[in-house]
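*Asks:* This is the structure I want to talk about, given as structure tokens.
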Amino acid sequence: MLRLTRRNWLPLIKKPLPFTRLLHTNAIRYNTPKSHLSRQPIGGSQASRTRTRRFENVEFNAPLSIAFFLFVGGLSYAIFEYQKNKMDKEQEKESRKGYGTPQIGGHPFKLIDQDGKEFSDKDMLNKFSIVYFGFSHCPDICPDELDKLGCWLDDLSKDRIELQPLFVTCDPARDSPEVLKEYLKDFHPGIRGLTGTYEDIKQMCKQYRVYFSTPEHVKPGQEYLVDHSIFFYLMDPQGKFITILGRNLDELTGAEKIRESIWEYKRTH
Amino acid sequence: MVWIPFVSSSKPEFKNNREARKLCWESRDEYFKCLDKIDIISPIDPKNKSKIKANCSTEENKFEQNCANSWISYFKEKRITDYRNNLIQKKMEQDQLEADMKK
């Protein structure tokens, strides 16, 4: 910062110097008898002539020097401002990524969707995805959240923002692809349900830092609920984490947050 | 769906779809409204059992009929935690109000 400013202001200090010297020499030269006859004033005492000449000289040069001063000053100010802006922008960019994004997602996984097709981390490339963890026997929160997700998707598609919505079950024991298929019929048609073995799901939840507690061995017919953390994860086209969306966001504010995050992502990448 | 309904033999299998959920939530709200009327917070507390039976038995039956078993206990417990959270919330707001008044 200091280095730049000094370099910018240097010409401002140096340049006006010869100008003042010029002013003086001119004033002196006019008083000497050696100067050209036509240049010598007619009439008036030596003293008064000197005074007027000197005055006239100052008057003649003042606007020029002021203009010069303003030009150099303005130029260095503009350069200074430009550099400052550039540095501010760099600093802002630095600060945004400086603290690092949390290590969420981005690791390989292999699950199956509601049609029994394989779905892996590679299927998250080249598109934005929004990932939600839940389970089909969820009493009240998941259905609400999935309805909200449907609203966001509709809202965003109006702005031509297409997201790949994923619903990952935390309850693989009961949520077979068929169950998921039946369950997701009630929600936005784009949502893809993912399930797998208990181990696969455990790994998936672990990489997304999702806490959940499903009993591993449940007797058939035994009823239970799965305790799990409730966040949406917005993921970038490289399968990396962008941001989370919590329950505090509603139909409008959630869509707004996704829109802003994606714009910001596109601006910086 | 791997769901063997012999455990809940007295009750038809809970079909987890939008209509069923809506029905369950509505009967839950009815039931809780009834509990509000008789000033009962905890539907689990055995002390309240007779009072609930006397005043809200139809609502309770409907609620238990329309919801999955795991949901019934979940909603009952949730009523208590919601009530507590609400109290804490109100107290915090009150404290904030008093702090603002002192300023």
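The values are calculated or read from the model by the stated rules, or taken from the named source; none is laboratory data. Note that the structure is predicted; figures quoted are calculated from it, not measured. Every residue, glycine among them, receives a Cβ derived from its backbone with ideal geometry; neighbour counts consider all protein chains shown. The area values use the complete protein model at the heavy-atom level, side chains included, leaving out ligands, DNA and RNA. Shrake-Rupley method; radii C 1.70, N 1.55, O 1.52, S 1.80 Å.
*Asks:* Can you tell me which condition A:PRO165 does not meet? The list is (1) within 14 Å of chain B (Cβ to nearest Cβ); (2) surrounded by 16 or more Cβ atoms within 10 Å (Cβ to Cβ), and all the others hold.
*Replies:* (1)
*Asks:* Identify all residues within the stretch A:230-251 that are open to solvent by 90 Å² or more (accessible area, probe 1.4 Å), touching a residue at least 40 places away in the same chain (Cβ under 8 Å) and either within 18 Å of A:LEU146 (Cβ to Cβ) or hydrophobic (A, V, I, L, M, F, W, C) (or both); write none if there are none. Walk me through it before giving the result.
*Replies:* Narrowing the stretch A:230-251 to residues open to solvent by 90 Å² or more (accessible area, probe 1.4 Å): A:238, A:240, A:247-248.
Applying the additional criterion that residues be touching a residue at least 40 places away in the same chain (Cβ under 8 Å) yields A:238, A:240, A:247.
Residue satisfying the conditions is A:ARG247 alone.
*Asks:* Please specify each residue of the stretch A:122-144 satisfying the condition of being open to solvent by less than 10 Å² (accessible area, probe 1.4 Å) and not β-branched (Val, Ile, Thr).
*Replies:* Those that are open to solvent by less than 10 Å² (accessible area, probe 1.4 Å) and not β-branched (Val, Ile, Thr): A:MET124, A:SER129, A:TYR132, A:PHE133, A:GLY134, A:PHE135, A:SER136, A:CYS138, A:PRO139, A:CYS142, A:PRO143.
*Asks:* Among the residues of the stretch B:28-37, are any within 20 Å of A:ASP186 (Cβ to Cβ), surrounded by 14 or more Cβ atoms within 10 Å (Cβ to Cβ) and at pLDDT 90 or above?
*Replies:* There is at least one residue in the stretch B:28-37 that is within 20 Å of A:ASP186 (Cβ to Cβ), surrounded by 14 or more Cβ atoms within 10 Å (Cβ to Cβ) and at pLDDT 90 or above.
*Asks:* Shifting gears a bit: Can you tell me which residue is farthest from B:LYS49 (Cα to Cα) among those in the stretch B:61-79 that are of a type in the set (S, T, N, Q) and more than 8 Å from chain A (Cβ to nearest Cβ)?
*Replies:* Here the residue is B:ASN66.
*Asks:* Any residue in the stretch A:139-158 that's closer than 20 Å to A:TYR224 by Cα and within 14 Å of chain B (Cβ to nearest Cβ): show its pairings with residues that are open to solvent by 10 Å² or more (accessible area, probe 1.4 Å) and not hydrophobic (A, V, I, L, M, F, W, C) at Cβ separation under 7 Å, as long as the two are six or more apart or on different chains.
*Replies:* Close Cβ pairs (under 7 Å, with a partner that is open to solvent by 10 Å² or more (accessible area, probe 1.4 Å) and not hydrophobic (A, V, I, L, M, F, W, C)) amount to A:PRO139/B:TYR74.
*Asks:* Taking the conditions exactly as written (free of Cβ contacts under 8 Å to residues at least 40 places away in the same chain, away from every other protein chain (no Cβ under 14 Å) and over 27 Å from A:GLU256 (Cα atoms)), does A:LYS117 satisfy them or not?
*Replies:* Yes: the conditions hold for A:LYS117.
*Asks:* Kindly indicate whether B:THR58 is within 30 Å of A:PRO172 (Cα to Cα), polar (S, T, N, Q) and either within 14 Å of chain A (Cβ to nearest Cβ) or surrounded by 11 or more Cβ atoms within 10 Å (Cβ to Cβ) (or both).
*Replies:* Working: within 30 Å of A:PRO172 (Cα to Cα): no; polar (S, T, N, Q): yes; either within 14 Å of chain A (Cβ to nearest Cβ) or surrounded by 11 or more Cβ atoms within 10 Å (Cβ to Cβ) (or both): yes.
Against the criterion (within 30 Å of A:PRO172 (Cα to Cα), polar (S, T, N, Q) and either within 14 Å of chain A (Cβ to nearest Cβ) or surrounded by 11 or more Cβ atoms within 10 Å (Cβ to Cβ) (or both)), B:THR58 does not qualify.
*Asks:* List the strands (runs of 3 or more DSSP E) inside the stretch A:169-269, counting only whole elements, that have at least 2 residues being modelled with pLDDT of 90 or more and among the β-branched types (Val, Ile, Thr).
*Replies:* Details: elements: A:192-195, A:232-235, A:241-245.
Counting at least 2 such residues, we get A:241-245.
*Asks:* When you go through (1) touching a residue at least 12 places away in the same chain (Cβ under 8 Å); (2) over 25 Å from B:PHE14 (Cα atoms) one by one for B:ASN69, which number turns out not to apply?
*Replies:* Looking at each condition in turn, B:ASN69 falls short on (2).
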